[in-house]
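Just so it is clear, none of the values below were taken in a lab; they were calculated from the coordinates. Everything numeric in this text was worked out from a predicted model, so none of it was measured. Because the Cβ atoms are built from the backbone with ideal geometry, glycine has one as well, and the counts that use them run over all protein chains shown.
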Amino acid sequence: MDAPASTARDPALTTPLERLPGVGTARAQRLAKLGLVTVRDALLHFPREYRDFSGAHAVADLREGEHASLVGTVAAVDSRTTAAGRAMLTVTLDTGGGRVRAVWFNMPFLAKRFAAGMRVVVAGQPRRARAAWEFSHPDVRWLAAGEDAAGSDWLAVYPLAEGVQQSHVRLAVQAALDHAADAWPEAFPAGLLAAKGLLPIGRAIRDIHRPGARESIDAARRRFVYQELFMLQLALRMHRSRQRERHAAPALAVDSRLDGRIRARFAFEFTAAQKRVCAEIAADLARPEPMNRLVQGDVGSGKTAIAVYAMLATVGTTVKVPAAAGGEPQPLLGPDGKPERYQAALMAPTELLARQHAATLGRMLAGSGVEVQLLVGGQPAKRRERILARIAAGQVGIVVGTQALVSGQARFRHLAVVVIDEQHRFGVLQRAILQQGQAEPHTLVMTATPIPRTIAHAVYGDLDVSVLDEQPPGRRPVATYRVAAADLDRWWEFFRKKLREGRRGYVVVPAVEESSRGLASISSAFEELANGPLEAFRIGLVHGRLKPAAKDAVMEDFRTGRIDVIVATSVIEVGIDVPEATIMTILDAESFGLAQLHQLRGRVARGGVQGICGAVTAAADLPHPRVDAFVATTDGFALAEQDLLLRGPGDLVGTRQSGAPPLYLADLLRDGSIVAEARRDALDFFDRDPLLAAPAHAHLRRVILDRWGPTLGLGQIG
Ligand code: ADP
Ligand code: MG
């Protein structure tokens, strides 16, 4: 979608919502909670889904719980108070093919809006109640006399925030459409619209909010998805050509001597898959173009070793500069007279994981002369400044930290390789993260979540994918059980028996980390366990609000065996690696996502001992799709697919802040062909007009620079 700066110029789009007819100050204040302040904001607030409101169903079509809409004539209106003291409104409708009831509780004022003989459309999920179908709190459309309901109609359903009602949002969006749908500037040249059969922007905005038919929703969505992907691809392509022109990445040659020295630092032999991926990386590093590689490997497949390999190759390489009189490049000597070396950065999603990685690297590199430093929140300012200075001077070989810190603060002397670990969600444009003017580093992104290649391309640009499709030898799938709350005593008995046999274990508790209520809930869970089933054991508590040093101390005690059990929130979900921990209890398993459950279970799949995981759910006999899938398979790739199906359009591709319609992963999967098409078209487009210099492309160029320029450093183009 269009960028703020270019639409800000149009007064119709910047009109405050409160000035629109029917919105008013009070509603506008509520809408602001959703970030909806101007007409532009409302037009960009895209529906989450649509409900059929065409009235096309007949009583005979109704299915329990399946959305339907029917036209009916009001036959009776009954307003009364239930025994429990609630106002209950029942409207009986005659549909021609039988009667249905619509029922509302605690909305007595609604009674006034119905009278016998009126024609209405009701839409919702019917339920069989006694002999009749009943709609509880349905959506209603009142038909004017003689109005034909048969024209298909879809009702937009918007994302909401607390205290903001669906009807408020609908009203504001409709008013905004009437005010300014045609004011939106068209970014695409007419030729492109025609060639691709895309709706013009005004029509697309209108149809996305107020669709006439199913097909118009699809066409409008297609326009926005195409636009978003096309622009992103074009921006990435422009970025890439700039990088090619201006900066070269350092070429790091990993010869067999260096390769041997690196491998000798590992306590284990690489799996065949690890060897293959390391060779792919070494080939990338040898070229003077930035590597942009994604490593996909299931939980436990040994991605850390890959990261370490790439980083050791980096710090094992000396920086060379061209010799003054031509001839062989010469090593660059530092102030101490020693050759300077390249630097690497490893970014982790959590501080806990960053600390663990730093510790692993520290152990592996003991006595090597390579300095490893940790950069995380909560370090004293003095200390952090000292580390930053040593990074800038090139003394630190490897920096490990949380993404925000490393990318936000560190300035490197010879940064050559950046590794981004466990980037579960699609981040936007990882490759641009650490760009610091001079050379662009090689980038390696590691993830346990498989991403189809077309989508990876769409989101990351030209990206190479390596797959770690092998687990280290001796691994056995974690034996996973679903434990009904009623069987919890027996489960704890089993858990204790395993601890007495020498295992260490985790108990995972869901908690809203941010709120103090979340903290209370995990603390009380801890107390209950410490005074109840796990009374006889040494247990520690880890959660997101714990001070890093305290968290560290607990993890260290666990690692060394001074603690038997860690009670934790999902902060341990990602990457934590204590091989002796081989049994886990996940409480309230229903409240975790499938990918999260699988990551959690990965914590006990480490050693040679069979890992065990109990997923505790409240109801014993009810099917629970997520937990059942989790118990049924330990194949992370299969689970990730399931997850997408079950979750629907959940995870988005990180474009939310940009004022664009969010791109959902599931949408991208469904729209795979648009993804590929937009990419091809953008590349062609670029070949024809790389600077977007043609007058017909002026608006497109402005939109792209507004939107992606700052992230991608496109500012100086043209
Ligand atoms: P993930 O892919 O989930 O990040 P890790 O890199 O944390 O997995 O590795 C999981 C465990 O497997 C670690 O304890 C690591 O030391 C071990 N490991 C990795 N590669 C091998 C290997 N080739 N042989 C034996 N153990 C290995
Ligand atoms: Mg890992």
- Query: If you add up the charges near R562, with Lys and Arg at +1 and Asp and Glu at -1, over every other residue whose beta carbon is less than 13 angstrom from its beta carbon, what do you get?
  - Reply: -1
- Would you pull out the residues with amide H under 5 Å of V445's amide H, same chain only if 5 or more places away, H placed 1.01 Å from N? R293, L294, V295, I420
- Task: Pairs of Cα atoms under 8 Å, at least six residues apart: use those to get the relative contact order of the chain, whole percent.
- Result: 13 percent
- Förster-model FRET efficiency, 35 Å R0, A116 and R19, C-beta, rounded to 0.05: 0.30
- Note on the structure: Using alpha-carbon coordinates alone, the radius of gyration and Dmax of the chain in Å work out to 29.6, 99
- Item | Assigned charges on the beta-carbon of Lys, Arg, Asp, Glu; the chain dipole about Cα centre (debye) | 1160 debye
- Message: Taking θ = phi - 60°, what integer Hz values does the Karplus form 6.51 cos²θ - 1.76 cosθ + 1.60 yield along segment 207-216, in sequence order, with x for Gly and Pro?
- Response: 6, 5, 9, 9, x, x, 9, 3, 5, 6
- Note on the structure: Among T15, A58, M107, the residue whose Cα sits farthest towards the positive end of the charge dipole of segment 1-119 (+1 at Cβ of Lys and Arg, -1 at Cβ of Asp and Glu, taken about the Cα centre) is M107
- Message: 7 Å from Cα along Cα→Cβ at both R130 and R386: what's the point-to-point distance in nm?
- Response: 8.0 nm
- Message: Show me the trypsin sites (Lys or Arg not before Pro) within segment 95-193 that DSSP assigns to loop and that have at most 13 other Cβ atoms within 10 Å of their Cβ.
- Response: R130
- Note on the structure: By the C-alpha gyration tensor axes a ≥ b ≥ c (rounded if a/c is under 1.5, else prolate when a/b exceeds b/c, else oblate), the shape of segment 479-633 is rounded
- Message: Can you give me the long-range amide H partners of V567? Hydrogens built in the peptide plane at 1.01 Å from N, cutoff under 5 Å, separation of 5 or more residues or another chain.
- Response: V507, G540, L541, V542
- Karplus 3J(HN,Hα) series, Hz, for segment 532-547 with 6.51 cos²θ - 1.76 cosθ + 1.60 (x for Gly, Pro): x, x, 10, 3, 7, 10, 8, 10, x, 10, 10, 8, x, 8, 5, 4
- Query: Which percentage, to the nearest 5, of the DSSP beta bridges contained in the chain is antiparallel?
  - Reply: 40 percent
- Note on the structure: Lys and Arg at +1, Asp and Glu at -1: neighbours of I208 with Cβ under 10 Å from its Cβ sum to +4
- Mean-position separation - Cα centroids, segment 590-635 and segment 465-491, in angstrom: 7 Å
- Note on the structure: The exposure ranking of K551, K497, K320, fewest beta-carbon neighbours within 10 Å first, is K497, K320, K551
- Note on the structure: Ordered by number, the GluC sites (Glu not before Pro) in segment 535-644 that occupy a DSSP loop and have at most 12 other Cβ atoms within 10 Å are E535
- Can you give me the relative contact order of segment 544-630 as a percent, contacts being Cα pairs under 8 Å and 6 or more apart? 29 percent
- Message: For K303, give me every one of the aspartates and glutamates with a C-alpha distance below 15 angstrom, ignoring sequence neighbours fewer than eight places off in its own chain.
- Response: E269, E280, D421, E422, D469, E470, D577
- Proximal lysines to K320, defined as alpha-carbon separation beneath 24 angstrom and excluding residues fewer than eight positions away on the same chain: K338
- How high is the relative contact order of segment 53-154, in percent, counting Cα pairs under 8 Å that sit 6 or more residues apart? 32 percent
- Task: Based on other C-beta atoms within 10 Å, arrange Y50, Y506, Y158 from fewest to most.
- Result: Y50, Y158, Y506
- Computed from the beta carbon distance with a Förster radius of 30 Å, FRET efficiency for R688 and L160 to the nearest 0.05 stands at 0.10
- Check each of the GluC sites (Glu not before Pro) in segment 470-513 and keep only those in coil by DSSP with at most 12 other C-beta atoms within 10 angstrom; list them in order. E501
- Message: Taking the beta-carbon count within 10 Å as an exposure proxy, list T447, T585 from fewest neighbours to most.
- Response: T447, T585
